[in-house]
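The values are calculated or read from the model by the stated rules, or taken from the named source; none is laboratory data. Everything numeric here is computed off the predicted structure, so don't read it as measured data. Ligands, DNA and RNA are stripped out before the accessible areas are found, and what is left, the full protein with its side chains, is counted by its heavy atoms. Shrake-Rupley method; radii C 1.70, N 1.55, O 1.52, S 1.80 Å.
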Amino acid sequence: MDNYSHQYFGKNLEELVFQDVSDFFATEKEESDKIEFKAFHPNYGNFNKNLEGVIRGICGFLNSNGGILIWGAPLGQKIDDRLVFQGALSLVDQLIEKDALISKVSDSITPLPVNINVQIIENNGNYLYVFEVQKSNYSPHQFKNIYYARLDGQTKPAPHYLIDALFKKVSYPNIEGFINLDRFGNANNGNVFLDISIIIINFSALQNEEDISYRLICGQAIFAGSLNQQTAHNYSMQGHQFTNIGNIDILHFGAPEMTSQRLIFSLDTLGDEHNYEMDLVLFFGGKKSPLKFSEYKLNFGNGPIASQNPVGLLTKIEENVLASEKQKALGTTRENLLDSILKR
């Protein structure tokens, strides 16, 4: 992913402080296809109207090459036919918590976007919102039934030729996979069980996906189905891996496919050998969609509490990450991947 924050501020997005942005506007700045400035001001209506302008800008970045949007920037001034931004910031007078803000932005744009991040900076009871938006693999996106793009340094309704090109560019649907924790309790022979649901959803409104397959790995427990002679062929790695291949022929938009599984394990052994921690890793993909994974870490150290609220077991969630991005983050290269596979 592109680090636009570092390009403009020399820092990662989560490291930005108020002074960084204030110093940035100490000199004249102009918008470009990669950066947009939004002042919070009554001229642009109430809070919700101001926010709509922000969402339009984010939609434009998704349909273009990504970039940075600063909400709370100075008001623009016309100088010699140029629109420049300099001086005091026009900060936002309301706080929207990060998760709620990302949800509101994402829910307002179709199809559902990913890879939108925000840093919220407080200053004397007012707020500065800095968004970092990645170019979307699932464009074109629209806001209020209009497609937007960054053109000539501005967010504008996208022309027909660009929308057509963006539609033709789409080569795979956006398939996402999730794990739900359903129930935790006592099994036979002193063991315990954890019932889970594997959920696969197609978020691409105009594309169906075919031949969905996935596998779920848990190194600290075995799948109950592996102990049944009739279903054992779906499991491998001595019962630690469940594989589902070819059972989902077509995945339509918005119609989730769900499979239930039961994990069985000894809580004492989990505590002694794994400090009560358990890992669930879901790999999934389809005929046209690239491999992704969702990873979860659970902790059973709180004992009976888990039986009342299994969701409380979760200590880490990392969902719907492209396998290529994960390998990039881990520094995996062609050479060391071949070494690990071929054992050279």
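A few notes on this one:
- Highest-MSF residue in the chain out of Tyr129, Tyr161, Tyr147 [GNM, Cα springs under 10 Å]: Tyr161
- The chain: angle of helix 160-169 to the longest principal axis, Cα-based, in degrees nearest 10: 20
- Within a straight-line Cα-Cα reach of under 20 Å, Lys38 can be paired with the following aspartates and glutamates, leaving aside sequence neighbours fewer than 8 residues apart in one chain: Glu14, Asp20, Asp23, Glu28, Glu30, Glu52, Asp81, Asp93, Glu97, Glu122, Glu132, Asp152.
- C-alpha long axis of helix 47-62 to longest principal axis of the chain, angle in °: 70
- Surface composition of the chain: carbon and sulfur atoms hold 47% of the protein heavy-atom accessible area at a 1.4 Å probe.
- Amide hydrogen neighbours beyond the local backbone of Asp182, cut-off 5 Å, H modeled: Asp195, Ile196, Ser197
- Within the chain, helix-based [θ] at 222 nm, where runs of 4 or more DSSP H residues each add -39,500 (n - 2.57), nearest 500: -6500 deg cm²/dmol
- For the stretch 182-333, the per residue solvent-accessible surface stands at 54 Å², with DNA, RNA and ligands left out and a 1.4 Å probe.
- Calculated Rg and Dmax of the Cα atoms in Å (choose from [x] 19.5, 63; [y] 23.9, 82; [z] 19.8, 56), label: [y]
- Among the listed pairs Lys144/Lys316; Lys11/Lys168; Lys98/Lys144; Lys29/Lys292; Lys156/Lys287; Lys11/Lys78, those whose Cα-Cα separation exceeds 32 Å are Lys144/Lys316; Lys11/Lys168; Lys29/Lys292; Lys156/Lys287.
- When the chain is treated as a GNM with alpha-carbon contacts under 10 Å, the residue of Glu15, Glu176, Glu209 showing the greatest mean-square fluctuation is Glu15.
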